[in-house]
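Let me begin by presenting the structure, written as structure tokens, before commenting on it.
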Amino acid sequence: MKIGIVCYPTYGGSGVLATELGLALARNGHEIHFITYKRPARLSSHFHENVFFHEVDTEQYPLFEYTPYDTALASKMVDVVQSANLDLLHVHYAIPHAAVAYMAKKILLTQGRYLPVVTTLHGTDITLVGKDRSFAPVVEFSINKSDGVTAVSNSLRKQTHETFDIKRNIEVIYNFIDFSRFKKINKDHFKKAIAPAGERILIHVSNFRKVKRIQDVVQVFARVRAVMPAKLLLIGDGPERRNAEDQTRELGIYEDVRFLGKQDAVEELLAISDIFLMPSESESFGLAALEAMACEVPVISSNAGGLPEVNIHGKTGYMSNVGDVEDMAANTLLILRDEEVLAQFRANALAQAQRFDITEILPHYEAYYEEVLKSALITNAL
Ligand code: GMT
């Protein structure tokens, strides 16, 4: 198949998943065309057979206070569909991609070309941003107008139906993990550098937005560190980083916290970590937690959204109510106090992550594309 993939090219989970999906499809022989405003973070600049990258031109003009990205994206979609003769467009994150794809589809229809569109809902495009009055009518409309819609967890599917008047089926296809990249590797020299006295290493990876509750990450760490020697690695960057830095200074724990910013090789830092913290206010799936589990790192998380579908309470980690930092710290200590307990949680985390192996999940996407193409053919024939 010739598939166009539209996503945010940044470090967010939806862009990561979309890029990994495109690369895996390309390895399976499909021709993949990424259409984004810059090269996706996970798409290396090395040559990939079957992979093409089309940058959306965002022309500046003095009249525009905001560049009309949607118009530029729709034009690029039309251009790529025509020139590469795409079979299907798969857009990740509803805003604005699903609505823009609808416009591209309408333009192509005037040229006698039917373009099937699959939209994957990732989370905040429904739960936070999407339901805001300023976006909701367009999000609802464009979901209903997509030829296929997938959600990354049952929880997100349910929330989508609760939030919008959706008149179509939403297929759940879970996020996945590529074990050729995410696996426990020996990085003892890193470990020695970060935790020279054998301290436990806690880690958090996110885009440091409010929804991630970084303040809870720091609070949990402070409580653990008060009981046992420990270090905290904070990976990523975003609006809450500055507050988190201040908080660690106020709590007098700054020396034991390393703010490492955006990192390409997250798996190398996961490889030396003992606990992954994800106390999010809302989380449709928690791809970063799955990446940690694949590297045998147990997860201490909130029980928000789709997290219970990924993290098994008492087996792969523990879950607490949002904001309950006491419980999260107590659970972290339960795991870290005993080497055997930690080893068991590590093994369980790996076993659970294997359920989301890319080789298991990829065929679901391929089968779904086939289904969508088939019904598009029938629709066209009518
Ligand atoms: O978590 C973020 O803030 C990034 C966001 C995104 O859209 O890039 O992640 C969402 O999609 C991920 C991939 O499907 C999910 O694993 C995350 O749980 C989801 N984030 C939220 O729901 C907050």
Some residue of segment 341-350 being in contact (Cβ under 8 Å) with a residue 60 or more places away in the chain and buried (at least 22 other Cβ atoms within 10 Å of the Cβ): no
Filtered residues of segment 264-277 (kept if touching a residue at least 12 places away in the same chain (Cβ under 8 Å) and either more than 16 Å from the ligand (Cβ to nearest atom) or assigned by TED's automatic domain parsing to the domain that holds Lys131 (or both)): Asp264, Glu267, Glu268, Leu269, Ala271, Ile272, Ser273, Asp274, Ile275
Residue match in segment 118-125 (condition: at pLDDT below 95, within 12 Å of the ligand (Cβ to nearest atom), in a helix (DSSP H, G or I) and in the same structural domain as Tyr369 (by TED's automatic domain parsing)): yes
Scope segment 278-328; condition more than 12 Å from the ligand (Cβ to nearest atom) and in a strand (DSSP E or B); matching residues: Val299, Ile300, His313, Gly317, Tyr318, Met319, Ser320
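Applying the selection to segment 1-40, what residues are within 16 Å of the ligand (Cβ to nearest atom) and closer than 20 Å to Asp87 by Cα?
Of everything in segment 1-40, those that are within 16 Å of the ligand (Cβ to nearest atom) and closer than 20 Å to Asp87 by Cα turn out to be Ile5, Val6, Cys7, Ala18, Thr19, Glu20, Leu21, Gly22, Leu23, Ala24, Phe34, Thr36.
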Members of segment 351-374 that are touching a residue at least 60 places away in the same chain (Cβ under 8 Å) and open to solvent by less than 60 Å² (accessible area, probe 1.4 Å): Ala353, Phe356, Asp357, Ile358, Ile361, Leu362, Tyr365, Glu366, Tyr368, Tyr369, Val372, Leu373
Test for Asp188: is it open to solvent by 20 Å² or more (accessible area, probe 1.4 Å), under 29 Å from Leu17 (Cα atoms), away from the ligand (no atom under 16 Å from the Cβ) and among the acidic types (Asp, Glu): yes
Condition check for Gly305: surrounded by 19 or more Cβ atoms within 10 Å (Cβ to Cβ), within 26 Å of Val91 (Cβ to Cβ) and not assigned by TED's automatic domain parsing to the domain that holds Arg157: yes
Meets criteria (farther than 29 Å from His90 by Cβ, away from the ligand (no atom under 16 Å from the Cβ) and not assigned by TED's automatic domain parsing to the domain that holds Val117) for Ile201: yes
Failed item, numbered, when Ala271 is tested on (1) within 21 Å of the chain's Cα centre (by Cα); (2) over 22 Å from Gln352 (Cβ atoms): (2)
Residues of segment 191-240 classified as surrounded by 16 or more Cβ atoms within 10 Å (Cβ to Cβ), aliphatic (A, V, I, L, M) and more than 26 Å from the chain's Cα centre (by Cα), total: 5
The one condition in (1) farther than 22 Å from Lys184 by Cα; (2) in contact with a helix residue (DSSP H, G or I) (Cβ under 7 Å, 6 or more places away or on another chain); (3) in contact (Cβ under 8 Å) with a residue 24 or more places away in the chain that Pro229 fails to fulfil: (2)
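The values are calculated or read from the model by the stated rules, or taken from the named source; none is laboratory data. These numbers come from a predicted model, not from an experiment. A quick note on method: Cβ atoms are made from the backbone with ideal geometry, for glycine too, and the neighbour counts reach across all protein chains shown. The protein model used for the area step is the full one, side chains on, heavy atoms only, and it has no ligands, DNA or RNA in it. Shrake-Rupley method; radii C 1.70, N 1.55, O 1.52, S 1.80 Å.
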